[in-house]
1. All but one of (1) in contact with a helix residue (DSSP H, G or I) (Cβ under 7 Å, 6 or more places away or on another chain); (2) outside any helix (DSSP H, G or I); (3) surrounded by fewer than 20 Cβ atoms within 10 Å (Cβ to Cβ) hold for residue 314; state the number of the condition that does not hold.
2. Can you tell me which residue is farthest from residue 232 (Cα to Cα) among those in the stretch 142-183 that are of a type in the set (D, E, K, R) and part of a helix (DSSP H, G or I)?
3. I need the full set of residues from the stretch 34-52 which are under 20 Å from residue 116 (Cα atoms) and either among the aliphatic types (A, V, I, L, M) or touching a Pro at 6+ places or on another chain (Cβ under 7 Å) (or both), in order please.
4. Tell me, please, whether a residue that is aliphatic (A, V, I, L, M), surrounded by 17 or more Cβ atoms within 10 Å (Cβ to Cβ) and out of contact with any strand residue (DSSP E or B) (no Cβ under 7 Å at 6 or more places or on another chain) can be found in the stretch 105-119.
5. Taking the criterion of being loosely packed, with under 14 Cβ neighbours inside 10 Å and either of a type in the set (Gly, Ala, Ser) or touching a Lys or Arg at 6+ places or on another chain (Cβ under 7 Å) (or both), would at least one residue in the stretch 214-233 satisfy it?
6. Of the conditions (1) in contact with an Asp or Glu (Cβ under 8 Å, 6 or more places away or on another chain); (2) modelled with pLDDT of 95 or more, residue 311 fails just one. Which one is it?
7. From 240, 274, 283, 208, grab the single residue that is open to solvent by less than 20 Å² (accessible area, probe 1.4 Å), of a type outside the set (Ser, Thr, Tyr) and not in a helix (DSSP H, G or I).
8. Quick check: anything in the stretch 2-19 of a type in the set (D, E, K, R), at pLDDT 90 or above and buried (at least 17 other Cβ atoms within 10 Å of the Cβ)?
Amino acid sequence: MKATVNVPFSCRSNPYLDQVREDNISWMLKHELFDSGLSIERYRTSSFAELYCYVYPRADSEDIKLLVDFETFMFLYDDQFAGNRGKTPDGPIDAMGEFMAIMYAPQGARNCSRSRLGRAFCDILARMLTGMSSSWCQQFRWSCQRFFVSYIHEAENRVRQSEPISLDLYLKQRQWALGVEPSIDAIERGGRFEIDTRMRSNPHILGLREDVNYFVALANDIDSLPKEEFTGDTNNAVFLLERSTGMQRGEATSTVARMAQEAIARFQWRHRLLLASSQYRSLPRQDRTNLDCYVAGLQDWIAGYYQWTKQTGRYTPENAEREATPWSAHQLL
């Protein structure tokens, strides 16, 4: 069952879609992240390039190429913990140690030889940080760190599946696991601008980020039901509602869709508060323009992600078994 919500923001695609799709395939083959043949067919039916061209429609050709490489890396990282590696915290803890070492090593001293995904991340990190301020780089590293640590939380949830956690705590963990936090930071990298440093802690901005996170997390949980039911994974808001309230599948799914709709309504409300705030109105003209571009990028994420859910083959029931298997014969971690 797909998420049925009303998204009030328009969706458009980046004009470089066709080229960036082929460039991304070449990049992943170069780093041996997947095999030619069936892996490429699976990639195309998943429509990953389409997703990121929807959510970053304004990026130029070089920047959208980088962002699609980064985002597909996160999808592949996520898939490493769908099987045995994610059943206990040991696998995610070990992987996190590798990627934290990469992130915080001096630029000229990064040892990127341990795994294929690690070497790919070295390449991405250097490209992402180029030309950005120290405050943005700090924010991006922290967002990535929360992405990596989230897989430890999910493994802990699987270990104690007989005692499900609260829905609120689950959703906080879930939004980190989807990688939306660093993807929101990438709005600035892809647009070659930065918002005023003081606005990073503005409560309206933090709330807008959270609303996007919650929308994507809730919509994803509805779409990924066939895959997670096939693998027996309990990390899903629909499953938590079924177990904690006794709801039937249809009612639980409708409840999660309603929560996604509420996240959009909160986003619109917070945006109105932001525009009326003295902190926003006192910004210099260019800083206001940059912040407007940032909020537009957040809207692109809501509209683009929802558009992608209508076309991707990643979560269709007939592909559940396929999506539960590794992308590549290579060991990525």
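1. All conditions are met except number (3).
2. 181
3. Scanning the stretch 34-52 gives 38, 40.
4. yes
5. Scanning the stretch 214-233 turns up at least one residue that is loosely packed, with under 14 Cβ neighbours inside 10 Å and either of a type in the set (Gly, Ala, Ser) or touching a Lys or Arg at 6+ places or on another chain (Cβ under 7 Å) (or both).
6. (2)
7. 283
8. No; the residues of the stretch 2-19 include none that is of a type in the set (D, E, K, R), at pLDDT 90 or above and buried (at least 17 other Cβ atoms within 10 Å of the Cβ).
The values are calculated or read from the model by the stated rules, or taken from the named source; none is laboratory data. Predicted model, so just to flag it, every value in this text is computed and none were measured. No Cβ is skipped: glycine too gets one built from the backbone with ideal geometry, and neighbour counts run over all protein chains shown. For the accessible areas, the whole protein counts, side chains as well, though only heavy atoms, and no ligand, DNA or RNA atoms are used. Shrake-Rupley method; radii C 1.70, N 1.55, O 1.52, S 1.80 Å.
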